[in-house]
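The values are calculated or read from the model by the stated rules, or taken from the named source; none is laboratory data. What you are looking at is a predicted structure, and each value in this text was computed from that prediction instead of being measured. Here Cβ is always computed from backbone atoms with ideal geometry, including for glycine, and neighbour counts include all displayed protein chains. Side chains are part of the model used for accessible areas, which takes the heavy atoms of the whole protein and leaves out ligands, DNA and RNA. Shrake-Rupley method; radii C 1.70, N 1.55, O 1.52, S 1.80 Å.
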Amino acid sequence: MPTNNKSHFASKSLAQWLSYLETIHLTEIDLGLTRISLVAKRLNIDFSFAQVITVAGTNGKGTTCAFIENALLGDDKTVAVYSSPHIEKFNERLRINNIDVDSQSLINAFEQIEQQRGDISLTYYEYTTLAAFLVLMERKPAFIILEVGLGGRLDATNLIDADIAVITTIDLDHQAYLGDNRESIGFEKAGIMRAHQKVVIGDTDCPISVLAHAKKLKAVVSLRGDDFSIEPHQVPACHSLWRWTFGEYQINDLNKPFIPQDNVATALTVLALLNDCSVVFNTESVNVLINQTKVAGRTELISKKSLNSPVLLDVGHNPQAARYLVEYLKSQKYDKLYAVTGMLKDKDIANTFGPLSTLVDKWYLGSLSMPRGATAKELAEKLLLNEDSANCFDNITEAFRMANKNSTATDLILVFGSFYTVAEVRRLLL
């Protein structure tokens, strides 16, 4: 039953609330919609005022959301993005018209949830997702973009029926929760689809399970390769330019983006399918969007006088992300590559570092000080690295400082492996 203990929580700060939320459920990850659905019903969660775009995928969710967001804001629409995890502060998880939500709005939402949840135990993620939903119901943006946290079918964001479901890529990650093959993982991500609704799939090798589920629901699918595509420019001297094609749309001479090109193509397809959207689809307009879409911690290059060499920040933490990083690094110019990394122990560490092993000259491994965090020693052991090729540190900060000390202006420091890793270094730099 709902409680009436408002006075006990009225004076809590956002930090105190977040600490409290970490204590009310036994496990950090506990997939399922049963608990959150019960509380959502008591809170009368309803997004009928907005068009909802739900974005799932192994990689590329955040950058796809950001491109769609920028396009809609440029079209003078009100738009909100809910994502996780954050890099610097919790408020980043919900932004409305490109402004992070204020702490008091979140606190007010937490108080409402606490009044209504009764003895229902919610995970940290479920609780904070409901809080974001309450804020969105109050602000009523025309478009809501929901980035799935983990999987799709059982993720808290799937409480909401999407007008357009988006699946960026499908690869191995979170196998303990989603399955140990692409077919199983694909089925979980396909769970965000709704009957007869639009679906955009950006994966170039879509699992059968995804297409079968879409067919069962009679969803209206736009599939990369079949329905939309990207091609390089036909003039050899302009190899960095490319073309996006989708039905009657064809835009040539597009610039090389700061985010993955694949995600730009997926986002453009979503925009073309939206109702009440008047984004201009021509080379000039789309290039403006391409040039302005940068996302913190996604191939983010930082150069400062206080640094001996440039630093590339990337939150990539699985094999697919590592493969993308390899291709990106091949396009960069540097003498030596120093890798600063820390990872969660439940990630596929060996296969994430594997693609980068031939490029990295020196590894700087830092321990992540959290229950799921791997120690630097564990990273070195799994990677079979010896003392000549790896240095181990108690934390990421020490690892980064040593890498910076040993680097020169013509080198490059790559910081990757986890949101936590990038967040710790980014705080040092900005």
>> Being open to solvent by less than 50 Å² (accessible area, probe 1.4 Å) and either among the small types (Gly, Ala, Ser) or not in a loop (DSSP other than H, G, I, E, B) (or both) is the filter here; which residues of segment 158-175 pass it?
In response: Asn158, Leu159, Ala162, Ile164, Ala165, Val166, Ile167
> Can you pull out the residues in segment 133-157 that are part of a helix (DSSP H, G or I) and either among the aromatic types (Phe, Trp, Tyr) or buried (at least 24 other Cβ atoms within 10 Å of the Cβ) (or both)?
Replying inline: Phe133, Leu136, Ala156, Thr157
> Looking only at segment 74-93, which residues are out of contact with any strand residue (DSSP E or B) (no Cβ under 8 Å at 6 or more places or on another chain) and open to solvent by less than 30 Å² (accessible area, probe 1.4 Å)?
Replying inline: Asp75, Ile87, Phe90
>> Taking the condition of being open to solvent by 50 Å² or more (accessible area, probe 1.4 Å), out of contact with any Asp or Glu (no Cβ under 9 Å at 6 or more places or on another chain) and assigned to a loop (DSSP other than H, G, I, E, B), how many residues in segment 19-38 meet it?
In response: 3
> Condition test on Val425, is it touching a Phe, Trp or Tyr at 6+ places or on another chain (Cβ under 7 Å), buried (at least 19 other Cβ atoms within 10 Å of the Cβ), not aromatic (Phe, Trp, Tyr) and not in a helix (DSSP H, G or I)?
Replying inline: no
>> Can you pull out every residue in segment 335-382 that is surrounded by 22 or more Cβ atoms within 10 Å (Cβ to Cβ), touching a Gly at 6+ places or on another chain (Cβ under 8 Å) and not in a strand (DSSP E or B)?
In response: Gly342, Met343, Thr352, Leu368, Ala374, Ala376, Leu379
> Just for segment 194-219: of the residues that are closer than 15 Å to Asp161 by Cα and of a type in the set (D, E, K, R), which one is surrounded by the fewest Cβ atoms within 10 Å (Cβ to Cβ)?
Replying inline: Arg194
> Just checking, which of Leu178, Leu268 is under 15 Å from Gly57 (Cβ atoms), surrounded by 22 or more Cβ atoms within 10 Å (Cβ to Cβ) and either touching a Ser or Thr at 6+ places or on another chain (Cβ under 8 Å) or not small (Gly, Ala, Ser) (or both)?
Replying inline: Leu178
> So which residues in segment 176-200 are without any contact (Cβ under 8 Å) to a residue 40 or more places away in the chain and among the basic types (Lys, Arg)?
Replying inline: Arg182, Arg194
> Which ones in segment 44-59 are at pLDDT 95 or above and open to solvent by 20 Å² or more (accessible area, probe 1.4 Å)?
Replying inline: Asn44, Ile45, Asp46, Ser48, Phe49, Gln51
> Restricting the search to segment 94-129, which residues are part of a helix (DSSP H, G or I), open to solvent by 20 Å² or more (accessible area, probe 1.4 Å) and either among the hydrophobic types (A, V, I, L, M, F, W, C) or out of contact with any helix residue (DSSP H, G or I) (no Cβ under 7 Å at 6 or more places or on another chain) (or both)?
Replying inline: Gln104, Asn108
